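A.B. asks: Here it is, the structure in full.
The values are calculated or read from the model by the stated rules, or taken from the named source; none is laboratory data. Source: prediction; values computed, not measured. Neighbour counts run over all protein chains shown; Cβ positions are idealised from the backbone, glycine included.
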Amino acid sequence: MFNSKLYIPRAAVIENVEELTYDTKLYRLRFKNHKSDSNENDYKPGQFVQVSILGAGEAPISICSSPTEKGYFELCARDVGLVTGALHKLKIGDELGIRGPYGNSFPIEEFGGQDIVFIGGGIGLAPLRSAINFALDSRASYGEIIILYGARTKEDIVFADELDEWNRQKKVKVFTTIDNPQKGWTGHVGVVTTLLDKIKHKFKAKAFVCGPAIMIHFTIKGLLDAGWAEENIITTLERHMKCGVGKCGHCYIGGKYVCTDGPVFTYAQLNSLAIEV
Amino acid sequence: MPVISKIEIKNASITKNNLFALLDKISKEKTLIAPVRNELEDVDFLPVDNAAAICFDYDNTASSAKEFFFPQYECMFTFSGASNASIKDKNGNEEIVLFGLRSCDVKGMKLLDKFYQRTFEDDYYLSKRRKSVIISVACPELNEQCFCTATETGPVLLEGFDIQLISTGEDYAVQIGSQKGLELFEKYKRLFGPEVAVDVKKLLAQAKKKEPKFNLQKVYENLKEDKVDEKFWEDIASRCQSCGLCLFLCPTCSCYTVTDKDTPLGESRRSRQWDACYFRGFTRMAAGYDPIRNNKEMIKRKYLHKLVQQIDEFETSGCVGCGRCNLVCVGNVNWLDNIIKIERAG
């Protein structure tokens, strides 16, 4: 754990802020004080932290860097609420609080040697980015990696440079789409499910899906239609959370706490819990 | 560290006069919380500084005792400005003795003990529990509002108590079930009388002879197998006013929200306070998406939580049969009647 007391956040300093879109920023963080048993990269892809801004409150945010990167971790936040609004006002050198890392993680290490598909919608690419960079940092351990990414408009695309960079790597293919035609956009047009044709021959691959609820719903439907097994579809759920540690009850669904039992679930698990996506 | 270190049950007895003397002594030496009848004729738990203030003649208290361990509003820490170094942890507490809990409420507390220890240990709750001693009083008979024989949470406890008093008519049989209970007993030993053995199993069997109001196993199965008509849930959803009172009064409800607030003294507080899954917005996220799409899903979630999922996880019903929720509902949603309807659905 980054923090030693359950509800007391640990101070971290913003090392860098990058504007990814008009409403989304990427924060690079380093802890203010260091201890031997817990460093910045002491987490797994798919885990999240409770970001605390004293006076504004706390919100759960996925870690979007890979633990293979040492000395810092990164969070990506869209300005949508009280806490993310306060976060967006912070600058390089400012301090915030961190609790975590919480939740289970993407079982990416279990899938060595296999082909992997990542399907992201909007800012849903952020948690996937952790697993993508983790896999690419031990490139030889995995088969082909295909990334499908959809954003509403070209202005909503996050990590645009990295999408290009991933696409240049060997045995990695990236397909990006925007919902509607737009001036200056020559790429694919249509919601992300219109890209599923690109991967239908890969129905034995593991598929990691993250994005808005409606995107997850139709992507999973598309994958199932294309022959994917329920166990091979892995998604991560977003829920309102106050504590992150299975106590406040807000994320409770189907007998599970998304914060401690999740946020990563296979579609087979969601089905058995009667959780609709 | 366990909340309760169980010991082999030790039997004793106490006369009514000596119980009064015991509580009077405790009230002078420690913080004693006991049932008190207020001017509105409600009986509720309050701190007392003498035994004469205690109400001994009551069915059950208006609220459960959960607020002494999970306060309705609790400051977690204070801070000033944006610096995390200014944080002062406010998790401090004193020893308390609670007198007069009914068996159902002790069972509810046991469930909360397990809940606060699962996954991560919540020290704000657990440190208060570890420092407390509970003297519970078994119900002589089932009260009109109650159904603990159906939920198997009373009216007497087989185990899991610190000290349990069972009325023998004039006086009380005393059972000591934990290390903390034993320490309290040893301290005031001279007020206790000789061993009076009580056959709790027999008492429970007798209580159960009066027809339990429903069969919990059947209710569990019907909910788990989704045998209940959707119209049933729609009807409850249409009458629930989302006031949350049933959940605030429920001995096993533990949801909370967290707020940061400035105080006039200049220091700011991060506090937690009771929240309820019947409040609309409980599951709504910052960008507006709400995975619980309507009141029907909201209602159903509570029934499944208490009558299926908590039984699966804690092997004890999330409803302890105290009946408090039925007394307060402004929409005339009767939890007990609804459970009986669920039982008959299959």
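A.B. asks: Pairs please, first residue from segment B:121-140 and within 14 Å of chain A (Cβ to nearest Cβ), second anywhere and assigned to a strand (DSSP E or B) and among the aliphatic types (A, V, I, L, M), Cβ atoms under 9 Å, 6+ apart in sequence or on different chains.
C.D. replies: B:TYR124/B:MET76
A.B. asks: OK, next. In this structure, does A:ASN133 turn out to be over 30 Å from A:ILE178 (Cα atoms) and among the polar types (S, T, N, Q)?
C.D. replies: No.
A.B. asks: If I ask for residues that are touching a strand residue (DSSP E or B) at 6+ places or on another chain (Cβ under 8 Å) and assigned to a loop (DSSP other than H, G, I, E, B), which ones from segment A:88-108 would you list?
C.D. replies: A:LEU90, A:LYS91, A:ILE92, A:GLY93, A:ASP94, A:GLY103, A:ASN104, A:SER105, A:PHE106, A:PRO107
A.B. asks: Looking at (1) outside any loop (DSSP other than H, G, I, E, B); (2) at positive phi, find the lone condition where B:LEU204 falls short.
C.D. replies: B:LEU204 satisfies every listed condition except (2).
A.B. asks: Pairs please, first residue from segment A:173-192 and of a type in the set (Ser, Thr, Tyr), second anywhere and in a loop (DSSP other than H, G, I, E, B), Cβ atoms under 8 Å, 6+ apart in sequence or on different chains.
C.D. replies: A:THR176/A:ILE157; A:THR176/A:GLY187; A:THR177/A:GLY187; A:THR177/A:GLY190; A:THR177/A:VAL191
A.B. asks: Out of curiosity, is A:GLY85 in contact (Cβ under 8 Å) with a residue 12 or more places away in the chain and either farther than 30 Å from A:CYS251 by Cβ or in contact with a strand residue (DSSP E or B) (Cβ under 9 Å, 6 or more places away or on another chain) (or both)? Full working, then the answer.
C.D. replies: Values: in contact (Cβ under 8 Å) with a residue 12 or more places away in the chain: yes; either farther than 30 Å from A:CYS251 by Cβ or in contact with a strand residue (DSSP E or B) (Cβ under 9 Å, 6 or more places away or on another chain) (or both): no.
Against the criterion (in contact (Cβ under 8 Å) with a residue 12 or more places away in the chain and either farther than 30 Å from A:CYS251 by Cβ or in contact with a strand residue (DSSP E or B) (Cβ under 9 Å, 6 or more places away or on another chain) (or both)), A:GLY85 does not qualify.
A.B. asks: Here's another thing I want to ask about it. Within segment A:1-52, can you find the residues that are assigned to a loop (DSSP other than H, G, I, E, B), basic (Lys, Arg) and either crowded, with 20+ Cβ neighbours inside 10 Å or away from chain B (no Cβ under 14 Å) (or both)?
C.D. replies: Within segment A:1-52, A:LYS44 is the sole residue that qualifies.
A.B. asks: Here's a follow-up. Name the residue, out of B:LEU245, B:LEU204, B:LEU223, that is under 27 Å from B:THR149 (Cα atoms), of a type in the set (A, V, I, L, M) and not assigned by TED's automatic domain parsing to the domain that holds B:ASP312.
C.D. replies: It is B:LEU204.
A.B. asks: Something else: Quick one: in segment A:264-277, which of the residues that are touching a helix residue (DSSP H, G or I) at 6+ places or on another chain (Cβ under 8 Å) and either in the same structural domain as A:PRO45 (by TED's automatic domain parsing) or at pLDDT 95 or above (or both) is farthest from A:ASP225 (Cα to Cα)?
C.D. replies: Per the criteria, the residue is A:THR266.
Yes/no per residue for (1) of a type in the set (S, T, N, Q); (2) in contact (Cβ under 8 Å) with a residue 60 or more places away in the chain; (3) within 11 Å of chain B (Cβ to nearest Cβ); (4) over 20 Å from A:GLY103 (Cα atoms):
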{"residue": "A:ASP197", "(1), (2), (3), (4)": "no, no, no, yes"}
{"residue": "A:LYS204", "(1), (2), (3), (4)": "no, yes, no, yes"}
{"residue": "A:GLY211", "(1), (2), (3), (4)": "no, yes, no, no"}
{"residue": "A:ILE214", "(1), (2), (3), (4)": "no, no, yes, yes"}
{"residue": "A:ILE220", "(1), (2), (3), (4)": "no, no, no, yes"}
{"residue": "A:GLY244", "(1), (2), (3), (4)": "no, yes, yes, no"}
{"residue": "A:TYR252", "(1), (2), (3), (4)": "no, no, yes, no"}
{"residue": "A:GLY262", "(1), (2), (3), (4)": "no, yes, no, no"}
{"residue": "A:LEU270", "(1), (2), (3), (4)": "no, no, no, no"}
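A.B. asks: In addition: Report the residue count in segment B:240-295 for those that are at positive phi and either at the interface with chain A (Cβ under 8 Å from one of its Cβ atoms) or surrounded by 18 or more Cβ atoms within 10 Å (Cβ to Cβ) (or both).
C.D. replies: 1
A.B. asks: Condition check: among the charged types (D, E, K, R), crowded, with 18+ Cβ neighbours inside 10 Å, in the same structural domain as B:THR15 (by TED's automatic domain parsing) and closer than 19 Å to B:THR61 by Cα. Does B:LYS180 satisfy that?
C.D. replies: Details: among the charged types (D, E, K, R): yes; crowded, with 18+ Cβ neighbours inside 10 Å: yes; in the same structural domain as B:THR15 (by TED's automatic domain parsing): yes; closer than 19 Å to B:THR61 by Cα: no.
Against the criterion (among the charged types (D, E, K, R), crowded, with 18+ Cβ neighbours inside 10 Å, in the same structural domain as B:THR15 (by TED's automatic domain parsing) and closer than 19 Å to B:THR61 by Cα), B:LYS180 does not qualify.
A.B. asks: Another question, then. Within segment A:80-95, restricting attention to residues that are among the small types (Gly, Ala, Ser) and crowded, with 18+ Cβ neighbours inside 10 Å, which residue is nearest to the other protein chains (Cβ to nearest Cβ)?
C.D. replies: A:GLY81
A.B. asks: Check A:ARG129 against each of (1) of a type in the set (Lys, Arg); (2) in a strand (DSSP E or B); (3) away from chain B (no Cβ under 14 Å) and name the one condition it does not meet.
C.D. replies: (2)
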